[in-house]
Amino acid sequence: MSLLTERWEELADVKDELAVRDWFMGTSGNLAIKVNDDPLQFLVTASGKDKRKRTSEDFLLVDGNGKPVNETHLKPSAETLLHVEIYQKTSAGCSLHVHTVDNNIISELYGDKGEVVFAGQELIKAFDLWDEDAVLRIPIISNPAHIPTLAKEFSEYIQEDKGAVLIRNHGITVWGKNAFEAKKLLEASEFLFRYHLRLLDYKNKI
Ligand SMILES: [Zn+2]
């Protein structure tokens with residue numbers, strides 16, 4: 001199996017798993033996986049597809065500017081530039097972006113603070129935070145409609161080879177060294193968001 005096919009299958013498997021969780025409402029969300037470092041090439045979801053289905057047109061190969069490497073009728077996802085920023089600035093191998101109700105509510109609740117903070121939660125270990133008093137801070141940025149502007153703002157928060165950033169009332173983007181790690185960070189983040197919202201709900205009732 002060629003590296004391209006291998007990466008394609010890896011990303012398609014992640015897509016299937018996230019689709020089962022219903023994390024691609026209304027064709028939203030986009031996924032990417034690096035195939036080559038130099039020159040930079042990565043697979044990214046094609047725009048406007050139903051991500052619950054698995055087809056040979058789900059992804060296309062793009063370059064370091066987010067442009068298709070080969071002649072194709074497929075269009076890279078409108079938010080491909082966010083993935084470009086990640087691969088240009090880090091050694092990450094996979095990046096995932098989903099819109100969920102939970103991540104949108106959290107981003108709105110804490111958007112004015114510019115971050116949401118989690119401490120004393122087992123699952124922050126997914127981010128390699130092992131100390132008892134460790135704190136996970138997930139930045140929340142605004143959501144300009146102009147994607148290059150969004151990508152520029154997003155880029156300021158890409159400081160490590162793995163991470164997560166919330167875009168207000170839009171979604172979350174996570175990245176990690178490979179598909180396994182990126183998915184782990186995404187699941188951990190969504191767990192923390194849901195836990196937090198349910199706890200707030202519970203506290204409001206008592
Ligand atoms: Zn989006």
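The values are calculated or read from the model by the stated rules, or taken from the named source; none is laboratory data. All values derive from a computational prediction rather than experimental measurement. Don't worry about glycine lacking a Cβ; one is built from the backbone with ideal geometry, like all the others, and counts go over all protein chains shown. Surface areas here come from the heavy atoms of the whole protein model, side chains and all, with no ligands, DNA or RNA. Shrake-Rupley method; radii C 1.70, N 1.55, O 1.52, S 1.80 Å.
Annotation: Lys53 fulfils all but one of (1) surrounded by 15 or more Cβ atoms within 10 Å (Cβ to Cβ); (2) of a type in the set (Lys, Arg); (3) out of contact with any Leu (no Cβ under 9 Å at 6 or more places or on another chain); the unmet one is (1).
Do we have any residue at all in segment 20-30 that's within 18 Å of Thr5 (Cα to Cα) and of a type in the set (A, V, I, L, M)? Scanning segment 20-30, I find no residue that is within 18 Å of Thr5 (Cα to Cα) and of a type in the set (A, V, I, L, M), so the answer is no. Residue count for segment 124-150 under the criterion of being under 21 Å from Glu79 (Cβ atoms), touching a residue at least 40 places away in the same chain (Cβ under 8 Å) and buried (at least 19 other Cβ atoms within 10 Å of the Cβ): the result is 2.
Within the group Ser47, Ser77, Ser95, Ser107, which residue is over 24 Å from Ser189 (Cα atoms), within 16 Å of the ligand (Cβ to nearest atom) and not charged (D, E, K, R)?
Details: Ser77 fails: over 24 Å from Ser189 (Cα atoms); Ser95 fails: over 24 Å from Ser189 (Cα atoms); Ser107 fails: over 24 Å from Ser189 (Cα atoms).
Result of the check over Ser47, Ser77, Ser95, Ser107: Ser47.
Among the conditions (1) in contact with a Phe, Trp or Tyr (Cβ under 9 Å, 6 or more places away or on another chain); (2) open to solvent by 10 Å² or more (accessible area, probe 1.4 Å); (3) within 14 Å of the ligand (Cβ to nearest atom), Leu40 misses just one, which is (3). When restricted to residues that are within 16 Å of the ligand (Cβ to nearest atom) and either among the polar types (S, T, N, Q) or touching a Lys or Arg at 6+ places or on another chain (Cβ under 8 Å) (or both), segment 27-37 contains 5. Just one residue in the set Thr55, Thr45 is outside any strand (DSSP E or B) and either touching a Cys at 6+ places or on another chain (Cβ under 8 Å) or of a type in the set (S, T, N, Q) (or both); that residue is Thr55.
Filtering segment 1-31 to residues that are under 16 Å from Gly171 (Cβ atoms), surrounded by fewer than 14 Cβ atoms within 10 Å (Cβ to Cβ) and among the small types (Gly, Ala, Ser) leaves only Gly26.
In this structure, Asp161 does satisfy being in contact with a Ser or Thr (Cβ under 6 Å, 6 or more places away or on another chain) and open to solvent by 20 Å² or more (accessible area, probe 1.4 Å).
In segment 165-190, the residues that are without any contact (Cβ under 8 Å) to a residue 40 or more places away in the chain reach residues that are away from the ligand (no atom under 13 Å from the Cβ) and open to solvent by 10 Å² or more (accessible area, probe 1.4 Å) with C-beta atoms within less than 7 angstrom, at least six apart or across chains, in these pairs: Val165/Pro139; Val165/Tyr157.
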